[in-house]
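See below for the structure under consideration.
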Amino acid sequence: MKRPGLMRALVALFALITATAAHAEDGYDLWLRYRPAPAAEAAPYRAALGEVVVEGRSPTLAIAGDELRRGLGGTLGAPAADAPPVILGTPGSSPRIAALRLPLQAAGAEGYLIRSVTVDGRPATVVAANSEAGVLYGAFHLLRLVQTRRPIARLDVAEAPKVKVRVLNHWDNLDRTVERGYAGFSLWDWHKLPDWKDSRYVDYARANASLGINGTVLNNVNAKADSLTAPYIEKAAALADTFRPYGIKVYLSARFSSPIEIGGLKTADPLDPTVRAFWKAKADEIYRAIPDFGGFLVKANSEGQPGPQDYGRSHADGANMLAEAVGPHGGIVMWRAFVYSNEQPEDRAKQAYNEFVPLDGRFAPNVIVQVKNGAIDFQPREPFHPLFGATPKTPLMLEVQITKEYLGFATHLAYLGPMYEETLDADTWRRGKGSTVARVVDGSLFGHRLTGMAGVANIGTDRNWSGSQFDQANWYVFGRMAWDPYLSSRDIAGEWARMTFSNDPRFLGPVVDMMMGSREAVVDYMTPLGLHHLMGTSHHYGPAPWVDDLGRADWTPVYYHRADAAGIGFDRTKTGSDAISQYAPRAAAELLADEKNLLWFRHVAWDRKVSSGRTLWDELVVRYTDGVRQVSQMRRTWAAMAPHVDAERHAEVAAFLAIQEQEAQWWRDACLAYFQTFSKRPLPAGYAPPAHPLAHYKALRFPYAPGI
Ligand code: GCW
């Protein structure tokens with residue numbers, strides 16, 4: 001008996017059940033989901049990519065093979081018997097790969113080739129590299145091509161990282177709290193290490209390796225000396241053992257006063273021979289436990305941390321002492337330039353440059369100075385840091401924040417790719433046009449071989465790792481740009497969205513546009529037109545532009561916005577702090593001409609006309625309001641994406657966008673209510689007044705905001 005109606009209904013029901021089961025997702029799988037591709041989409045890949053053949057034996061090669069089997073199997077199903085094999089290895093591990101005589105020179109120590117070739121007279125795909133880590137990176141690249149549905153006929157991919165040290169900086173404390181962390185607690189279960197190794201360590205390593213991240217600094221730059229004691233070295237070694245096969249080195253933040261705290265010395269003076277001996281012995285001890293230890297990251301003489309200046313010595317003296325200790329083992333020192341002092345009357349934005357430019361040429365060859373993207377502190381927008389390009393003899397690495405300390409924590413959707421890109425693309429003009437920050441970072445501007453990029457991690461124990469689904473994109477884009485700082489943030493957003501959610505163009509178009517505009521929306525509703533550091537005291541949650549009474553002036557918002565009856569903004573031109581003179585003249589001219597930086601560099605009258613033809617005051621109202629409108633638009637965009645996203649992740653993103661909309665409105669209303677007390681001007685016609693009087697916003701308290 002034929003019952004086509006019933007049959008169809010059953011088929012539909014079955015499809016619904018499998019779809020729901022397949023799509024129950026919480027974000028744990030990140031961009032490595034490997035969900036089945038629809039048959040028609042899978043067909044060309046199934047035909048081209050058969051059995052995975054690993055040539056050679058080693059943990060890393062095995063991992064590469066397993067990942068490919070897992071990824072291709074998940075996406076395409078079991079390999080077709082007649083499909084050409086995928087062969088993995090190095091010329092050293094595989095005679096067949098050696099026989100292909102592939103041009104691997106340019107691949108260097110970590111690059112790879114992916115090629116359609118003929119092996120033993122039959123077609124095959126090879127993933128070949130000089131090193132096993134290179135093979136692993138190549139395997140992830142091949143998976144990415146499949147996951148994002150790129151063509152794979154006649155493959156000819158050649159990749160090598162443009163930056164050498166690609167590290168996450170975890171601001172993780174030993175008690176598992178995370179400074180500026182909004183994704184739960186620290187992944188590192190120090191108490192149970194080294195005996196218990198959480199399986200998440202492996203998934204963490206896989207995710208990083210998939211991006212080419214090759215290092216991790218385990219502990220907070222506001223460091224405890226305990227991290228350098230024998231028990232903690234053993235614990236770090238257990239993590240290093242787990243990460244090693246994934247090409248990831250472990251680094252530690254070093255507290256400068258450790259010789260006193262754990263070494264029994266009276267001083268930490270870097271020129272004192274007993275102090276130098278302490279560090280040498282400490283480095284030797286670490287390298288006995290972790291033979292490929294990466295080195296130290298140091299925050300010194302900054303925000304109360306100890307450092308060489310406590311002894312009248314320079315940052316170079318401090319860095320070089322540690323460099324001498326790790327140098328014989330091949331280690332490096334990443335010395336942070338995030339220094340500023342409250343005792344100095346000088347504009348905080350100028351202090352790092354003033355401190356470090358005179359030291360150019362005085363650092364040991366295995367020291368790299370780590371510089372934040374901007375001169376203040378990870379604001380929604382900052383002009384590029386004036387140190388970039390200003391130290392030709394000293395390699396500089398870029399530090400960006402992946403965690404969103406100043407961009408709404410985990411609940412605000414802000415894709416940071418455009419922000420990283422804006423910094424990397426900025427032209428320092430130090431060696432003529434095209435002297436971009438990217439060229440400082442990749443070492444090509446001044447011919448440095450020690451190069452690096454660091455991202456302050458947004459990773460924690462939350463099931464979704466990063467505090468929200470879309471914050472995973474910031475981890476992703478950091479890794480991709482650290483590998484190649486010339487990649488486009490839009491392309492990376494597309495890649496990520498395909499792998500994390502869907503290859504459907506009806507999803508990708510709106511969602512990639514939404515991501516690309518999202519950071520600018522935050523700028524508009526928090527700190528438009530060059531405003532900065534208006535966030536709530538210490539936790540940095542929400543607006544508090546009125547705060548003027550902290551222990552140090554340079555932590556108060558009023559220090560930065562300088563609103564008064566005449567206008568608003570920080571005069572950093574000649575008539576003010578003259579911070580602008582720290583840039584090359586052409587760069588300075590470009591920065592000053594860009595209205596995005598208006599109030600960063602100038603104190604501007606409320607009635608001055610800006611490019612829109614409006615007065616500054618009206619423009620501020622329009623921008624703040626537009627920021628909120630953009631978030632409302634993001635909510636609508638996302639609501640329409642329900643058919644393309646599993647219910648659990650869709651609901652989480654939708655709920656967070658609702659929070660973001662409320663908080664954007666709060667930002668707008670609180671800032672306008674406050675600035676209006678100076679501008680004394682009405683809101684332009686059609687713009688709603690703040691929902692509450694200023695006193696309401698001023699009275700809000702958040703003693704338990706996360707991340708402190
Ligand atoms: O962004 C600021 C943070 C501090 C942080 C400091 C730094 C680790 O508010 O929490 O300390 O920068 O980068 O050292």
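The values are calculated or read from the model by the stated rules, or taken from the named source; none is laboratory data. Note that the structure is a prediction, hence the values are computed from the model and not measured. Reconstructed Cβ throughout: ideal geometry from the backbone, glycine too, with neighbour counts over all protein chains shown. For accessibility, only protein heavy atoms count, side chains too; no ligands or nucleic acids. Shrake-Rupley method; radii C 1.70, N 1.55, O 1.52, S 1.80 Å.
Brief remarks on what is shown
- Average accessible surface for the stretch 23-159: 43 Å² per residue, computed with a 1.4 Å probe over protein heavy atoms with every protein chain in place.
- C-alpha center-to-center spacing [the stretch 179-223, the stretch 537-615] in angstrom: 38 Å
- Per-residue 3J(HN,Hα) values for the stretch 527-543, derived from phi via the Karplus relation 6.51 cos²θ - 1.76 cosθ + 1.60 with θ = phi - 60°, read 9, x, 6, x, 5, 7, 6, 9, 7, x, 4, 6, 7, 6, 9, x, x Hz in sequence order (x marks Gly and Pro).
- Pairs from the table (K350/K609; K249/K282; K372/K404; K224/K266; K164/K372) lying more than 20 angstrom apart at Cα are K350/K609.
- Per-residue 3J(HN,Hα) values for the stretch 670-681, derived from phi via the Karplus relation 6.51 cos²θ - 1.76 cosθ + 1.60 with θ = phi - 60°, read 5, 5, 5, 4, 6, 5, 5, 5, 9, 5, 6, 10 Hz in sequence order (x marks Gly and Pro).
- Proximal charge balance of S577 [Cβ under 14 Å; K/R count +1, D/E count -1]: +1
- Gained length - S199 relative to R362, 0.36 nm times residue gap less alpha-carbon distance: 54.3 nm
- Charge tally around T229: other residues with Cβ under 14 Å, Lys/Arg +1 each, Asp/Glu -1 each, net 0.
- Environment charge at V437 (Cβ cut-off 11 Å; Lys +1, Arg +1, Asp -1, Glu -1): -3
- If the chain linking R490 and D226 were pulled fully straight, counting 0.36 nm for each residue of separation and taking away their Cα-Cα distance, it would gain 90.8 nm.
- Sorted from longest to shortest, the spans of the Cα atoms of the stretch 584-697 along the three principal axes equal 50, 41, 23 Å.
- From phi via Karplus (6.51, -1.76, 1.60), per-residue ³J(HN,Hα) for the stretch 647-660 in Hz, x at Gly/Pro: 4, 5, 5, 4, 5, 5, 4, 4, 5, 5, 5, 5, 4, 4
- Within the accessible area of the chain (1.4 Å probe), percent carbon and sulfur: 56 percent
- Per residue accessible area in Å² of the stretch 165-500, where ligands, DNA and RNA are left out and the probe is 1.4 Å: 29 Å²
- Histogram of C-alpha separations across the chain, 10 Å bin width, %: 3, 14, 23, 25, 19, 10, 4, 1, 0, 0
- Within the chain, antiparallel bridges make up roughly 30 percent of the DSSP beta bridges whose residues both belong there.
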